[in-house]
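Single-structure report; data block below.
Rule-based calculations on the coordinates, nothing more; no lab input. Since the structure is predicted, the reported quantities are computational estimates derived from the model, not experimental observations. Counting neighbours? That spans all protein chains shown, and the Cβs are built from the backbone with ideal geometry, glycine included.
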């Protein structure tokens with residue numbers, strides 16, 4: 001019997017493997033993908049899609065009963081910090097309900113929030129905050145991406161990730177917030193640029209990102225910290241057309257530069273190796289397109305979306321022919337909300353405040369003398385200053401952000417960001 005079950009399991013695994021290979025082989029691939037890279041991307045995106053849709057459903061269900069989830073979250077935060085010096089100083093011991101909390105603790109200014117955050121130390125609560133960001137930010141945002149831009153997830157193609165210097169020592173949340181796919185960056189096989197490119201100066205990094213993006217004709221997504229940063233890709237392409245075309249044609253970086261203006265030989269050699277030799281056909285195609293002022297969709301026929309992690313729309317007009325999606329609203333203090341409406345039904349980017357990430361209160365902008373209200377009492381159409389209580393111990397702190405409520409999803413507001421503190 002055991003032998004029969006063993007043979008059956010082997011046959012089942014072989015059939016499933018055959019189905020996966022057949023499915024993967026019928027998708028559009030990056031021109032530079034190997035079978036190993038393609039199968040890693042196939043498995044990774046399939047897993048993230050399953051986990052993401054589960055987490056997105058969880059966030060949406062929590063929003064339906066947002067008042068209960070928020071009250072429980074506040075009780076957990078207060079319990080967590082019962083014995084902290086801050087709780088002793090502000091008389092928060094024994095405080096367990098929102099009513100008691102509001103009566104015993106005044107609002108803190110944005111300046112005070114930064115001071116408190118610095119005094120607590122940026123690593124306090126960072127494990128929980130990072131887990132929240134992954135589970136309730138990254139994964140639901142990936143699910144939204146898969147729902148509204150399925151080709152980005154279904155096709156086995158690369159993206160261009162325009163991130164800051166990966167070697168900088170950013171705290172975990174701040175590092176993740178710079179780009180949806182920066183966590184973890186072991187997903188580097190998905191990116192057009194090699195890892196060596198991220199250690200260059202800002203000017204050189206922009207040039208190298210543009211070169212490797214242009215080489216990848218099947219590029220299907222551009223990811224950046226803001227729309228303005230993403231637009232630099234097009235600016236660099238048109239401004240340095242001759243240099244880029246020559247480097248593409250020769251398979252060798254910085255041929256038109258003086259030797260003293262070229263990075264060290266070891267780094268240049270590593271980048272040259274990543275180009276994988278001359279590409280006369282693509283260089284000719286790029287040259288013709290750039291000469292006539294081609295846009296992003298003409299340079300990359302498979303390009304589906306531009307993904308940005310800033311709430312600022314500056315630079316968005318550079319991609320008029322493409323959807324630009326801002327999936328997350330976050331700060332250095334934690335995850336705030338997720339954009340579950342990439343199609344922009346309200347005419348701008350909006351974010352569902354996540355009831356499980358931090359406790360939210362809203363202070364009316366038009367009448368600051370009014371007391372702050374909990375998020376579930378928000379009025380549609382009103383503008384509010386955002387007040388948060390976080391896992392890190394910040395209590396009733398004004399972030400300095402101004403939001404407008406466009407609708408309610410269950411008991412939680414859907415907001416656009418009119419002003420960021422920094």
Margin query: Could you work out how much longer the chain between residue 284 and residue 44 gets when fully extended? Use 0.36 nm per residue separation minus the Cα distance between them, nm to one decimal.
Written below: 83.0 nm
Next item on the list: Could you list 360, 341 in order of exposure, starting from the residue whose Cβ has the fewest other Cβ atoms within 10 Å?
Entry: 341, 360
Notebook entry, point to check: By count of other Cβ within 10 Å, fewest leading, how are 384, 329, 54, 147 ordered?
Noted result: 54, 147, 384, 329
Check: For the residues 42, 351, what sequence is obtained by ranking on other C-beta atoms within 10 Å, fewest first?
Finding: 42, 351
Next item on the list: Note the full-extension length gain between residue 76 and residue 241 as 0.36 nm times their separation in residues minus their Cα-Cα distance, in nm to one decimal.
Entry: 53.8 nm
Next item on the list: For the stretch 56-109 and the stretch 356-422, write down the distance between their C-alpha centroids in whole Å.
Entry: 15 Å
Next item on the list: Could you work out the mean projected area of the convex hull around the alpha carbons of the stretch 306-422, in square nanometres to one decimal?
Entry: 7.3 nm²
Note to self: If R₀ is 51 angstrom, what is the calculated FRET efficiency for the pair residue 370 and residue 321, using the beta carbon separation as r and rounding to 0.05?
What the structure shows: 0.70
Notebook entry, point to check: Do you know the relative contact order of the stretch 324-422, to the nearest whole percent, from alpha carbon pairs under 8 angstrom that are 6+ apart?
Noted result: 22 percent
Next item on the list: Compute the distance in nm between two label points, each set 7 Å from the Cα along the Cα-to-Cβ direction, one at residue 273 and one at residue 27.
Entry: 2.9 nm
